[in-house]
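Structure first, commentary second.
The values are calculated or read from the model by the stated rules, or taken from the named source; none is laboratory data. Since the model is a prediction, treat every value here as computed from it, not as a measurement. Quick reminder, even Gly has a Cβ in these numbers, built from the backbone with ideal geometry, and neighbours come from all protein chains shown. Note: accessible area is taken over every heavy atom of the protein model, side chains too, but ligands, DNA and RNA are not part of it. Shrake-Rupley method; radii C 1.70, N 1.55, O 1.52, S 1.80 Å.
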Amino acid sequence: MRHNVILEGPSFRVRPIVDSDAPFVLKLRSDPELSRFLHATPLSIESQLGWFERYYERPGDWYFVVERRCTSTPEGLISLYDYNVEQRCAEWGRWILSPASLAAVESAWLIYRFAFEQLYLREVYSRTVADNQSVVSFHDSCGIANRTLLPSHFNLNGRVLDAVEHRVNDSGWTSLGPRLEQLAQKIARRLQRDT
């Protein structure tokens, strides 16, 4: 949906996706290594813009570009979607970062901040293809205790795949938030040294 949410961390920000981001989205989603655990994407600007138009009309779906604050260079994408008003929960996903990006921790921290501190959700979950070990390992390393295997959850391009679901509730955010913030600050110091 069209929104105006912008969240900033020490090195990165998330801002609403707009039509002019279509080439960046296609660049990320057409990379064979980055897209092997994603649904197939039609690889044309027109089809991406058509997807954006449908997305803009969907309530409870916030799609963001992750960008470096100092340069406004886009480095990835992330979303919060399938917002359930009654249960006050949503899924975060559509997470894809440029190969050399160091935005993983900070973008996760920012999407959780949005969910728990602006939308006041009770719970946020993320579902990852089980074979996508780097992303499953990232969620595990955050210390998310509520982890479930969902057999035959995804149908990706004719392949039926298991998923790993990680859930964080609002009380879990009280310990997860400071941990992610501390890691984001550590990465920010490293980025400042390297520039």
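Carbon-plus-sulfur accessible fraction, region 1-83 (probe radius 1.4 Å, protein heavy atoms only): 54%. For the pair residue 69 and residue 160 in one chain, pulling the backbone fully straight at 0.36 nm per residue adds 28.9 nm over the alpha carbon distance. Rolling a 1.4 Å probe across the protein heavy atoms gives region 46-136 an accessible surface of 43 Å² per residue. Of the options (1) 41, 40, 32; (2) 68, 39, 26; (3) 49, 38, 27, only one is Cα extents along the principal axes in Å as computed from these coordinates, and that is (1).
Antiparallel beta bridges, as assigned by DSSP with both residues in the chain, represent about 90 percent of the total such bridges. Please find, in a Gaussian network model of the chain (springs between Cα atoms separated by less than 10 Å), the residue of 35, 20, 101 whose mean-square fluctuation is greatest. Result: 20 has the largest fluctuation of those listed. Run the Debye formula on the Cα coordinates of region 79-152, all scatterers equal and no solvent, and tell me log10 I(q)/I(0) at q = 0.20, 0.21, 0.22 1/Å. Log10 I(q)/I(0), no solvent term: -0.96, -1.05, -1.14. In region 34-93, the ratio of gyration radius to Kirkwood radius, Rg to Rh, stands at 1.02 when only Cα atoms are counted.
Could you work out the local net charge near residue 27, counting Lys and Arg as +1, Asp and Glu as -1, over the other residues with Cβ closer than 13 Å to its Cβ? Net charge around residue 27: -3.
Taking the Cβ of residue 81 as the centre, find all other residues whose Cβ is under 10 Å away and add up their charges (Lys, Arg: +1; Asp, Glu: -1).
Within the 10 Å Cβ shell, the charges total -1.
Here the label points at residue 189 and residue 85, each 7 Å from Cα along the C-beta direction, are separated by 4.5 nm in the simple model.
Computed from the Cα positions only, the extents of region 5-76 along the three principal axes stand at 34, 31, 21 Å, in decreasing order. In region 126-173, carbon and sulfur make up what percent of the accessible area (probe 1.4 Å)? Answer for region 126-173: carbon and sulfur cover 46 percent of the accessible area. Placing dummy labels 7 Å off each Cα toward the beta-carbon, the span from residue 150 to residue 171 is 2.4 nm.
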